[in-house]
Amino acid sequence: MKKFVQTVTAFLLAFAMVAAPVADAQTRGRGGHSTSSGASAPNRPSGNVGNRPSSSHSANRPSHGTSRPTNNGASSNHTRPVNPGTRPGNGTSNGRPGNGGQQHRPERPEGNNSHRPGGGNHRPGNDHYRPSRPERPPRPPRPHRPPRPPRPHPHGYRHPVPFFGAYHRPVPPPRWHYVSGGPVFGTILGVALGTAITASINALVNNGYTVSSYGNNVVYLNDVPQMNYYWPDAALYYTNGVLTGSQFTCPTSYYDLSRYNNLYAAFTAQYGMPVQTTNSGGVISATWYGAGGRYVNLSFNSNYTGNYYTTLSFGN
């Protein structure tokens, strides 16, 4: 019996010597806490149930999880690299080589985002150039439309001005003889004295005058400028088919001598005092004569009911 007890005691001592290093290793693997000496069973740290002891180092995973040995094989605790899941050379997680670990695509050329090479959305080398279209030749100007020719007035036509249509050349006094001065004009509205009626009409239309109608010995016009005034009605008279005289008249509905007086002053300053004057029967007139039978007559007529007419006449 004594021998049996000695044998068991020796066995327990041997077992305790073997179990002590294992318990110490397990204690260090559980967070570095020491265990009491003796053969007490090793404590299992919370959260690490089921860890298997190793001969020299704990198999517990560090705070980063289960780690793999480092490249040089000198790591204890079998830890993985500092940043698990990284690729070589990145230094950060989930990165591609050499780009700082962020998942970026290779940078595109500056200023050409979403564009093809050579410019924005253009073909290479095109640079958005389009050949210019050939210039169209200018359109030729439209041919000038000739003015509408005046219409001849019908037989028995009466002009709205009551004294138009009958030409009466003034006659100088019997004892008057031309000495000097007086009217020396040679044209009427740009048409030379002695011009035929057809040629006169063409010249008047081409010069921009408004020819309303014409007859065998008269051409009627509207809104004609003369002596710095506009005359609503005018007439050119022909003798033996050639231009000899004219009349320009302006009606008013009231007694107004302003135009007459202004023209009288202008002709007096140019030709001197008139050769003839009249003031009777509702008519005031003055006449200047010149060389070659030329004359200028100015009159104010109040013989027509409802209107007063200031009239300028000249010819040869």
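The values are calculated or read from the model by the stated rules, or taken from the named source; none is laboratory data. Predicted, not measured: the structure shown is a model, and the values here were computed from it. Neighbour counts are summed over all protein chains in view; Cβ atoms, including those assigned to glycine, are modelled from backbone coordinates with ideal geometry. These area figures cover heavy atoms from the full protein model, side chains too; ligands, DNA and RNA do not enter into them. Shrake-Rupley method; radii C 1.70, N 1.55, O 1.52, S 1.80 Å.
Say R0 is 35 Å: what FRET efficiency, to the nearest 0.05, do Phe185 and Ser212 get from their beta-carbon distance?
On the way: r = 24 Å, r/R0 = 0.69.
For Phe185 and Ser212, the calculated efficiency is 0.90.
Computing FRET efficiency as 1/(1 + (r/R0)^6) for Arg175 and Ser280, where r is the C-beta to C-beta distance and R0 is 30 Å, gives about 0.90. Within the range 205-229, find all residues whose amide N lies under 17 Å from a label point positioned 7 Å from the Cα of Ala266 along Cα-to-beta-carbon. What the label zone holds, given the 17 Å backbone N cut-off, is 223-229.
Going by a ≥ b ≥ c, the root eigenvalues of the Cα gyration tensor, does the range 216-274 fall in the rounded group (a/c under 1.5), the prolate group (a/b larger than b/c) or the oblate group?
Here the range 216-274 falls in the oblate category.
Couplings 3J(HN,Hα) of the range 302-308, computed from phi: 10, 7, 9, 4, x, 9, 10 Hz, in residue order, whole Hz [Karplus 6.51 cos²θ - 1.76 cosθ + 1.60, θ = phi - 60°; x for Gly and Pro].
Note on Arg151 and Asn303: with the Förster distance fixed at 35 Å, the Cβ-Cβ geometry gives a FRET efficiency of about 0.70.
Based on the alpha-carbon gyration tensor of the range 236-316 and its eigenvalue square roots a ≥ b ≥ c, which shape applies: rounded if a/c is under 1.5, prolate if not and a/b is larger than b/c, or oblate? Oblate is the answer for the range 236-316, as a/c is 1.5 or above yet b/c matches or exceeds a/b.
Give me the accessible area per residue for the range 219-316, probe 1.4 Å, as a whole number in Å². Numbers along the way, then the final one.
Values: 4230 Å² over 98 residues.
Here the residues of the range 219-316 average 43 Å² of exposed surface.
Surface composition of the range 190-316: carbon plus sulfur atoms hold 46% of the accessible area, using a 1.4 angstrom probe and ignoring ligands, DNA and RNA. Summarising the amide proton neighbourhood of Gln276: residues at separation of 5 or more, or on other chains, whose placed amide H is nearer than 5 Å comprise Thr287. Could you give me D for the range 146-255, from Stokes-Einstein at 25 °C and 0.890 mPa s, where the hydrodynamic radius is the Kirkwood radius over C-alpha pairs? Units µm² s⁻¹, please. Here the translational diffusion coefficient equals 160 µm²/s. Label-to-label distance for Ala196 and His168 is 3.2 nm, based on points extended 7 Å past Cα in the beta-carbon direction.
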